[in-house]
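The values are calculated or read from the model by the stated rules, or taken from the named source; none is laboratory data. None of these values were measured; they are calculated from a predicted model. Cβ: placed from backbone, ideal geometry, glycine included. Neighbour counts: every protein chain shown.
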Amino acid sequence: MVEPERIAVVGAGPAGAGFALELMKRGFQGELEIYERDPFYRKPCGDVVLRDVLEESPLAPRVLNSIRRFEIRVRGETVFEKEYRDPLWFVIDKPEWVRGMREKAVDLGASMHVKSVFPENLANTHDTVVDARGPFANNGLTKLTISRALVEHPVDPEGVLIDFDPDLMGFLWVFPHERDAANIGLAYKGERSPHLRLERLLEREYGSPKVLRMDTTVITIDQPPRTPRYFHPVYPIGEAQGLVHPLSGEGIRPSHLHGLWFARRLLEEPHPRLAFLRAWDDVNGFVAQMRFQKLLLELVESLPPGGARVEAMRMLSPRLYESFLRDSIRLSDVLSSIAANPRLLGVMAPSLAGLAMRLFAG
Ligand SMILES: Cc1cc2nc3c(=O)[nH]c(=O)nc-3n(C[C@H](O)[C@H](O)[C@H](O)COP(=O)(O)OP(=O)(O)OC[C@H]3O[C@@H](n4cnc5c(N)ncnc54)[C@H](O)[C@@H]3O)c2cc1C
């Protein structure tokens with residue numbers, strides 16, 4: 001990078017705040033301005049991350065729960081249950097973490113403007129504009145409306161439950177939130193009022209617990225592009241670029257790491273475009289997994305509802321569900337499911353033909 005430069009980052013969530021802190025921590029000598037519309041980061045979330053976030057972040061988040069026990073159901077029937085010796089998932093205090101990253105970046109010399117802006121409007125005044133508006137960026141990707149409640153309800157502090165409904169194309173989750181609260185949410189494709197469904201569920205299944213917070217927002221469930229979208233000098237990162245795993249909804253880790261890696265590349269490269277493309281290479285593993293998950297999602301969706309989808313998901317192998325928990329599903333996991341349960345091939349034959357053609361087409 002030819003310093004000093006004037007950089008703006010719009011949106012300070014895990015991607016934008018991570019980008020800002022990493023850039024400042026690594027000694028950026030130019031001017032960094034953060035534009036964030038909300039002084040308190042309060043986006044509803046499951047708040048679950050994998051270990052890389054704890055190890056790579058310039059500010060380690062506070063862990064509220066370490067998750068070792070997993071139960072996955074398909075329409076109420078348990079299809080996978082496992083207890084790991086070491087935690088696989090971590091529930092973090094995401095609002096506190098994001099606030100901390102914003103504050104530290106400012107301590108190190110960045111300036112913060114509490115203001116909603118369009119990144120394009122900063123293109124004439126800044127050398128580089130980083131669009132980190134998350135799902136609120138206008139990127140044309142498919143979004144899902146999703147509701148989440150924090151309720152006073154005792155649940156296993158080291159265990160989570162996920163219940164898929166393939167007919168509704170989505171799932172319900174129950175995660176712990178510290179000791180005496182639960183994070184319960186649901187995301188179903190095509191459900192326009194998930195909060196009403198969630199309210200009914202809390203009443204029916206959990207005896208109307210005290211609701212500490214209930215929020216509804218959107219999440220991206222599309223595939224990120226092979227080549228990243230940008231229009232110099234505006235560079236979208238994180239969920240603004242589509243970096244969410246469409247099957248699991250895991251977006252904190254890829255978005256945060258994308259922010260960190262773009263900051264590092266910017267400090268190495270003379271031109272932001274090259275830095276941006278190199279950072280995209282860095283997230284290539286995530287992109288490939290997200291594109292594969294999107295394909296699997298389409299595969300399930302192409303089965304007729306009302307039986308076949310539920311049947312197929314109940315026949316998937318434990319190995320595939322384990323890979324799902326790590327967001328690292330491979331074609332071999334799908335094949336292992338078929339090998340373990342050849343009837344799956346019959347149920348999925350028409351959809352698999354489509355999948356094979358798509359894979360061969362690249
Ligand atoms: C209900 C729910 C549950 C989820 N659970 C999980 C989970 O358990 N684990 C996981 O890994 N992921 C989860 N995700 C996904 C995860 O929250 C996101 O993918 C991740 O936060 C994306 O980070 P980001 O920084 O790219 O965007 P965001 O976190 O969305 O941050 C965007 C920021 O931009 C700001 N902003 C937006 N527009 C403007 C503007 N015009 N001007 C200024 N500022 C603006 C917003 O206020 C916000 O602070 C969940 C998502 C939802 C909705």
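Summary table below
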item	result
The lone exception for LYS43 - which of (1) in contact with a helix residue (DSSP H, G or I) (Cβ under 8 Å, 6 or more places away or on another chain); (2) over 30 Å from SER317 (Cα atoms); (3) modelled with pLDDT of 95 or more it fails	(3)
Count of residues meeting criterion [outside any strand (DSSP E or B), closer than 11 Å to GLY238 by Cα and hydrophobic (A, V, I, L, M, F, W, C)] in the stretch 117-136	1
Residue within the stretch 261-279 that is within 14 Å of the ligand (Cβ to nearest atom) and on the phi > 0 side of the Ramachandran plot present	no
Residue satisfying all of: in the stretch 114-148; within 10 Å of the ligand (Cβ to nearest atom) and aliphatic (A, V, I, L, M); surrounded by the fewest Cβ atoms within 10 Å (Cβ to Cβ) among these	VAL114
Residue satisfying condition, being within 30 Å of GLN29 (Cα to Cα) and either among the hydrophobic types (A, V, I, L, M, F, W, C) or surrounded by 19 or more Cβ atoms within 10 Å (Cβ to Cβ) (or both), within set GLU239, GLU250, GLU268	GLU239
Options LEU277, LEU186, LEU202, LEU295: the member that is buried (at least 21 other Cβ atoms within 10 Å of the Cβ) and either over 13 Å from the mean Cα position of the chain (by Cα) or not assigned by TED's automatic domain parsing to the domain that holds LEU23 (or both)	LEU186
Among (1) farther than 23 Å from SER57 by Cα; (2) out of contact with any helix residue (DSSP H, G or I) (no Cβ under 8 Å at 6 or more places or on another chain); (3) within 16 Å of the ligand (Cβ to nearest atom), the one test that VAL218 misses	(2)
Condition met for SER111 (within 11 Å of the ligand (Cβ to nearest atom), of a type in the set (Gly, Ala, Ser) and either surrounded by fewer than 22 Cβ atoms within 10 Å (Cβ to Cβ) or over 23 Å from GLU33 (Cα atoms) (or both))	no
Residue satisfying condition, being away from the ligand (no atom under 14 Å from the Cβ) and assigned by TED's automatic domain parsing to the domain that holds ARG148, within set GLU55, GLU83	GLU83
Checklist (1) touching a residue at least 24 places away in the same chain (Cβ under 8 Å); (2) over 23 Å from PRO225 (Cβ atoms); (3) of a type outside the set (Asp, Glu) applied to ASN124, failing item	(1)
